[in-house]
Amino acid sequence: MESERGWKFTQCFGDKADLEDVTEADIISTVEFDYTGDYLATGDKGGRVVLFERNDNKQGCEYKFYTEFQSHEPEFDYLKSLEIEEKINRIKWLKPNNNSLYMLTTNDKTIKLWKVCEKALKLVTENNLLDGDRAPPPDISHLRLPKLVPHENIIAAIPRKIYANAHAYHINSISVNSDQETYLSADDLRINLWNLGINNQSFNIVDIKPANMEDLTEVITAAEFHPSSCNYFMYSSSKGTIKLCDMRDSALCDQHAKQFEEPEDPASKNFFSEIISSVSDVRFSSDGRYILSRDYLTLRLWDINMEKQPVRTITVHDYLKPKLCDLYENDCIFDKFECNISGDGKHAMTGSYNNYFSIYDLEDSGNDVMLQADKNAFRAKRVQGPNGSKSKVGIPRNGRSGLRKEDIDPEAIDYNRKILHSSWHPRENTLAVAATNNLFIFTD
């Protein structure tokens, strides 16, 4: 009997059309599990949010469609003659309350707080005129009281608050504080602190905008609150630095408490060094002890108590180094890959091109796994191996083999297919991976 341990593909949501036929609006732009892992949200370039609910009737970790709503619409800033697209940049969940789900969604300029709950629809089944089919009652004694009967339950999405007009530049991150009362929003040059109950006022806590924009040397790329200490937050920059700030120090956190940066080797410096060293994503581990960061070619794990160097540096796709010139020409070098760390802090995950993504064992690099989120791979369920054994395409039979970096030919890679957005279940080894317009679920 073949062993089925290890990572395996379990579900795929989304249209099965070829890449060329995919509508731009259907491309998934963010993925996020809630605090419990019972709900999963995706946002797309068309401004829609789709929610999935855990399917308790199935064994293992499977999800079913819950509801869908239009979060943002395209807008136009007439003062700046600027089109604001509806694309959802980030979704962050709040803790559920009174049988309702709450989440923050943002596009480039506007953040919205949504309440999603079940509502009972009722119909009027008894009235006096029967919609004109009956004559009016002759006197008051014949008046009938209208009767309401339950019709059906619907899932309603209600915008509770809209936080607008606080960012001059494009919002790249939002993060809910552990106090569940405040959250931060970050754009290229500033980070603002909001109270969830107040939508017409925010506090500027980081401002790196120079007096003269010609002196601009770096931008903010991502920001996140510490998972348990409500006074700490971090932000990353295009210069490859991560700054940890303490809001108890001062109202404006321009002076960081700690800075994590790996010094650049002058011997390897080239034209692309500055671009590929830009940090595209940062995440705290669930205990707040470690920071996971991703730049174009590498994944780094930092101990919050050790600034001088990362605990571990992982090369994600070093086979692309000779292709940097081509990647610059086709703009792929500016792709912003996200990273994730598992709930137990033992594994990390990030994506690459050709719909490849890798899961790294942070304690034992020999257990790293590389998989492919590709619906075509699952049509041919099993293939014959060189030794006569059969295994699922792109799926390791025992969680330890999978695809090998050494076998990847950079010339054969499709750079239009990439895993930029993903989310790790907070309590289980389950991954939600967005590949263009499809959402894949993988479980261990």
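For residue 239, the residues whose modelled amide H falls within less than 5 Å of its own, excluding neighbours fewer than 5 places apart on the same chain, are 219, 279.
Report summary: the helix-based calculation at 222 nm, which adds -39500 (n - 2.57) for every DSSP H run with n ≥ 4 and divides by the residues of the chain, gives -500 deg cm²/dmol.
Put 404, 48, 294, 248 in order of accessible area, highest first, and with a 1.4 Å probe you get 248, 404, 48, 294. Taking all protein chains together and rolling a 1.4 Å probe, residue 406 ends up with roughly 140 Å² accessible. Computed 3J(HN,Hα) for region 85-96, one whole-Hz value per residue from the Karplus formula 6.51 cos²θ - 1.76 cosθ + 1.60 where θ = phi - 60°, is 6, 7, 3, 7, 7, 8, 10, 10, 7, 9, 6, x, glycine and proline marked x. Note on residue 444: accessible area is roughly 90 Å² with a 1.4 Å probe, heavy atoms of protein only. Amide H contacts of residue 437: 28, each under 5 Å away and 5 or more positions distant or on a separate chain (H built 1.01 Å from N in the peptide plane; Pro and chain starts excluded). Extents of region 72-121, largest first, come to 42, 26, 15 Å (Cα atoms, principal axes, whole angstrom). The lysines whose alpha-carbon is closer than 19 Å to the alpha-carbon of residue 16, local same-chain residues fewer than 8 away aside, are 45, 64, 375, 381, 418.
Legend: residues 433, 149, 311, sorted from most to least accessible area (1.4 Å probe; ligands, DNA and RNA excluded), read 311, 149, 433.
Computed with every protein chain present, the accessible area of residue 15 is close to 100 Å² [probe 1.4 Å]. Three semi-axes describe the equivalent ellipsoid of region 204-244; taken as square roots of 5 times the Cα gyration tensor eigenvalues and ordered largest first, they are 23, 12, 6 Å.
Compared with the direct C-alpha span, the chain from residue 143 to residue 321 gains 55.8 nm at full extension, assuming 0.36 nm per residue. Which value in Å does the Kirkwood hydrodynamic radius of region 328-379 take, with 1/r averaged over all unlike C-alpha pairs and then inverted? It works out to 12.7 Å. With all pairs of separate Cα atoms included, the chain yields a Kirkwood hydrodynamic radius of 23.9 Å. Computed over protein heavy atoms with a 1.4 Å probe, the carbon and sulfur contribution to the accessible area of the chain reaches 47%. Here's how it looks for residue 181: its modeled amide H is under 5 Å from none belonging to a residue 5 or more places away or on a different chain.
Rounded to the nearest whole angstrom, the semi-axes of the ellipsoid equivalent to region 1-87, taken from the Cα gyration tensor as √(5λ), stand at 33, 16, 11, largest first. Here, P(r) means the percent of Cα pairs in each 5 Å bin from 0 to the largest distance; for region 23-153 it is 2, 9, 14, 14, 12, 10, 8, 7, 7, 7, 6, 3, 1, 0. Working value for region 261-378: equivalent-ellipsoid semi-axes of 23, 21, 12 Å, each the square root of 5 times a Cα gyration tensor eigenvalue, largest first.
Accessible surface computed residue by residue for the chain, with neighbouring protein chains in place and a 1.4 Å probe, gives 50 Å² per residue. Between region 111-127 and region 58-78, the C-alpha centres lie 18 angstrom from each other.
The phi torsions of region 249-264, fed into the Karplus equation with coefficients 6.51, -1.76 and 1.60 and a -60° offset, translate into couplings of 5, 7, 5, 9, 8, 6, 9, 7, 7, 9, 10, 9, 7, 8, x, 7 Hz, rounded to whole numbers, with Gly and Pro shown as x.
The values are calculated or read from the model by the stated rules, or taken from the named source; none is laboratory data. Since we're looking at a predicted model, the values are computed, not measured. Please note that ligands, DNA and RNA were not included when accessible areas were found on the heavy atoms of the full protein model with its side chains. Shrake-Rupley method; radii C 1.70, N 1.55, O 1.52, S 1.80 Å.
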